[in-house]
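For reference, the structure is listed below as structure tokens.
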Amino acid sequence: MVDFEQLNEEFKAVFQVDWNMILPSWYMNNKIPTYLLKIAEILRVKTENSKDYRCRIEFAVFNDSDVDGVVNFRTSTYLPGGWPEMQRAHKEKRRESIVKYHAFKIEAGTGKRFAFEVNEFLDFMINTNIAGNLPNSFLCRATGVFASDTTQYMEEVSRDYFLSDTNEFIVDNTDPGCKITQPSTLLKLVKNEHLKSPKSWIRFINFKEENAIFPTFQWKEYIDQNCQGTTIRSFVFTRGKSGDYRLTWEADLPKEGVYEAFVYIPSYSLNMMQKYKISPLGGEEKVVYVDTRGEWCSLGVYNCLPGVNKISLSDEGEENQIIVGDAIKWVYQGKAME
């Protein structure tokens, strides 16, 4: 494998052409697809023989662009003989599983939903190929929970299938409503910014390789399939320090009422407390500490007026603690409390 930066430097020296300046505009001018993805948990299917390992895979993809694209998915299954045979294959340097690939053309503005079962299931991967999605591949394994629905199908779905509940208002770290105040500057994370200017993808510390997460006093961004987001799934992080509110999500709520506030915390903060300030429009501010659990965590219930309502994350934390920010949401519960 050849390092791209090294190849580019040698190419510039000979031809005076910088591919870092050409490739982003080439993608923009020629267009690439962007997809909305919804991947359900992979569940086990009950069989007459309890030793059989059969799983049900369900996922959906929508091409949210004006150019056709191709999505691949891969299933890996155990070799005949199961785990012992996999161990023998590993020792003998043979392929350790049976791998099957499938490709589907997803035309612009269309979507497909899939559900199928796989015997002796090991893992499943979706790859969006050359597209505006980051990450471009998603690896999934079974949860161990048994499925109640065992239907199998491939059917057309519309964009509405991928939209959140009309009573949910989500702001992700990649949305314009999320603002980070660095110690000396203001950084707005804009959706698909990595496609809009040369080399702006370097904001993702693991864009080209699997870099470890070492927090510093600057906010950085990390791509991960388990994050919230539409075309880009990522979180931002920094080192725990003095306690300034550097990260703020602003949600423009459409109507007055009672809302429950939630924050999504990826599982990279090692189960330490994070401090949030909730600022409902027309109400009193409240500070809430949340023990991170890698899921949606409630920040309480609030009366909110229509307009911009804010949730802020403090960088207060223990030395070398990783403070992480991904997404928040307000969920409408009903009319305002008296």
Worksheet item: Do you know which of the residues in the range 207-233 that are open to solvent by less than 50 Å² (accessible area, probe 1.4 Å) and modelled with pLDDT under 65 is farthest from the chain's Cα centre (by Cα)?
Response: Pro215
Item to complete: Tell me which of these Gly132 doesn't satisfy, since it passes every other one: (1) surrounded by 13 or more Cβ atoms within 10 Å (Cβ to Cβ); (2) part of a loop (DSSP other than H, G, I, E, B); (3) without any contact (Cβ under 8 Å) to a residue 60 or more places away in the chain.
Response: (3)
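Here is a list: Gly300, Gly317. Which entry is exposed (fewer than 14 other Cβ atoms within 10 Å of the Cβ), out of contact with any Cys (no Cβ under 7 Å at 6 or more places or on another chain) and more than 17 Å from Glu250 (Cβ to Cβ)?
On inspection, the qualifying residue turns out to be Gly300.
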Fill in: Selection count where residues are surrounded by 13 or more Cβ atoms within 10 Å (Cβ to Cβ) and at pLDDT below 90, scope the range 278-295
5
Worksheet entry | Candidates Glu41, Glu48 - the one that is under 21 Å from Thr143 (Cα atoms) and touching a strand residue (DSSP E or B) at 6+ places or on another chain (Cβ under 9 Å) | Glu41
Worksheet entry | Conditions (1) free of Cβ contacts under 8 Å to residues at least 40 places away in the same chain; (2) surrounded by 15 or more Cβ atoms within 10 Å (Cβ to Cβ): number failed by Ile170 | (1)
Worksheet entry | Tally of residues being under 16 Å from the mean Cα position of the chain (by Cα) and outside any strand (DSSP E or B) across the range 29-56 | 3
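One line per residue, one yes/no per condition, for (1) surrounded by 13 or more Cβ atoms within 10 Å (Cβ to Cβ); (2) under 27 Å from Thr231 (Cα atoms):
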residue	(1), (2)
Ser76	yes, yes
Arg94	no, no
Gly111	yes, yes
Phe121	yes, no
Worksheet item: Looking only at the range 166-191, which residues are over 15 Å from the mean Cα position of the chain (by Cα), of a type in the set (A, V, I, L, M, F, W, C) and modelled with pLDDT of 50 or more?
Response: Phe169, Cys178, Ile180
Worksheet item: Of the residues in the range 297-338, how many are over 17 Å from Asn167 (Cβ atoms), in a loop (DSSP other than H, G, I, E, B) and in contact (Cβ under 8 Å) with a residue 40 or more places away in the chain?
Response: 7
Worksheet item: Considering only the range 57-74, how many residues are open to solvent by 20 Å² or more (accessible area, probe 1.4 Å) and part of a strand (DSSP E or B)?
Response: 4
Worksheet item: Exactly one of (1) hydrophobic (A, V, I, L, M, F, W, C); (2) in a strand (DSSP E or B); (3) surrounded by 17 or more Cβ atoms within 10 Å (Cβ to Cβ) is unmet by Phe116. Its number?
Response: (3)
Fill in: Subset tally (residues that are surrounded by fewer than 17 Cβ atoms within 10 Å (Cβ to Cβ) and within 18 Å of Val236 (Cβ to Cβ)) for the range 320-335
1
Fill in: Residue in the range 78-92 that is modelled with the lowest pLDDT, counting only those that are open to solvent by 30 Å² or more (accessible area, probe 1.4 Å) and either in a loop (DSSP other than H, G, I, E, B) or of a type in the set (Lys, Arg) (or both)
Gly81
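Return yes when Glu85 is of a type outside the set (Gly, Ala, Ser), farther than 28 Å from Thr34 by Cα and free of Cβ contacts under 8 Å to residues at least 60 places away in the same chain and no when it is not.
Details: of a type outside the set (Gly, Ala, Ser): yes; farther than 28 Å from Thr34 by Cα: yes; free of Cβ contacts under 8 Å to residues at least 60 places away in the same chain: yes.
Yes: the conditions hold for Glu85.
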Discussion item. Suppose the filter is at negative phi and either modelled with pLDDT of 90 or more or not in a helix (DSSP H, G or I) (or both); does Lys100 pass it?
Written reply: yes
Worksheet item: Just wondering, is there one or more residues in the range 291-304 that are among the acidic types (Asp, Glu) and over 25 Å from Thr230 (Cβ atoms)?
Response: yes
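The values are calculated or read from the model by the stated rules, or taken from the named source; none is laboratory data. Everything numeric here is computed off the predicted structure, so don't read it as measured data. Every residue, glycine as well, gets a Cβ built from its backbone with ideal geometry; the counts of neighbours run over all protein chains shown. Side chains are part of the model used for accessible areas, which takes the heavy atoms of the whole protein and leaves out ligands, DNA and RNA. Shrake-Rupley method; radii C 1.70, N 1.55, O 1.52, S 1.80 Å.
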